[in-house]
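Engineer: Can you keep this structure in mind? I'll have questions shortly.
Any read-out appearing in this document is the output of simple, stated calculations on the displayed coordinates, not a laboratory observation. All values reported here derive from a predicted model rather than from experimental measurement. Methodologically, a virtual Cβ is constructed for each residue, glycine included, from the backbone with ideal geometry; neighbour enumeration extends over all protein chains shown.
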Amino acid sequence: MDTKTMIARIWTARFDLAKSDTLKAYADSKSLPFLSSVKGNCGVLFLTHEDEWQTITFWHNEADYLAMESDPAYQALNQGILNIDAIKEVISVKIFNVDASKGVADL
């Protein structure tokens, strides 16, 4: 993947509906501020449909995304998600090239 191409990372999981408020609160209070502050991040979306959760992050380039992946603070953030025991199964993590966009940085 070209390190200069804007990318979108889509993380998809199934979650425990009984813990949905806890998961949403964690996403709003911990995940969103962290991801929004990471160099190269230009947008974050949290999406739900029934018991499926998607976190979509947009990155200026692959290098910035990869730097975040290896950050110990990111690892701690992920451990925090596991600690609330709301995620049943991670379905997929996919990286897409963003071929066209308008206003992604304004999300």
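Engineer: Find the centroid of the Cα atoms in the stretch 37-73 and in the stretch 10-36, then give the distance between the two in whole Å.
Structural biologist: Here the two parts' Cα centres lie 12 Å apart.
Engineer: What's the angle, to the nearest 10 degrees (0 to 90), between helix 72-83's Cα axis and the longest principal axis of the chain?
Structural biologist: Here the helix axis deviates by roughly 30 degrees.
Engineer: Moving on. Which whole-number percentage describes the relative contact order of the stretch 7-99, with Cα contacts under 8 Å and a sequence gap of 6 or more?
Structural biologist: The value is 50 percent.
Engineer: Is the shape of the chain best called rounded, prolate or oblate, per the rule: a/c under 1.5 gives rounded, else a/b larger than b/c gives prolate, else oblate, with a ≥ b ≥ c the square roots of the Cα gyration tensor eigenvalues?
Structural biologist: Because a/c hits 1.5 or more and a/b exceeds b/c, the chain counts as prolate.
Engineer: So what is the calculated 222 nm ellipticity per residue for the chain, using -39500 (n - 2.57) for each DSSP H run with n of 4 or more, over all residues, to the nearest 500 deg cm²/dmol?
Structural biologist: -8500 deg cm²/dmol
Engineer: Shifting gears a bit: Neighbouring Cβ atoms within 10 Å as the yardstick, rank Phe34, Phe58 fewest first.
Structural biologist: Lowest count first: Phe34, Phe58.
Engineer: Need one word for the stretch 33-83: rounded, prolate or oblate. Basis is the Cα gyration tensor (sqrt eigenvalues a ≥ b ≥ c); a/c below 1.5 gives rounded, then a/b vs b/c decides.
Structural biologist: Oblate.
Engineer: Treating the beta-carbon of each Lys and Arg as +1 and of each Asp and Glu as -1, no other charges, what is the dipole magnitude of the stretch 7-99 about its Cα centre, to the nearest 20 debye?
Structural biologist: Using Cβ point charges on Lys, Arg, Asp and Glu, the stretch 7-99 gives about 120 debye.
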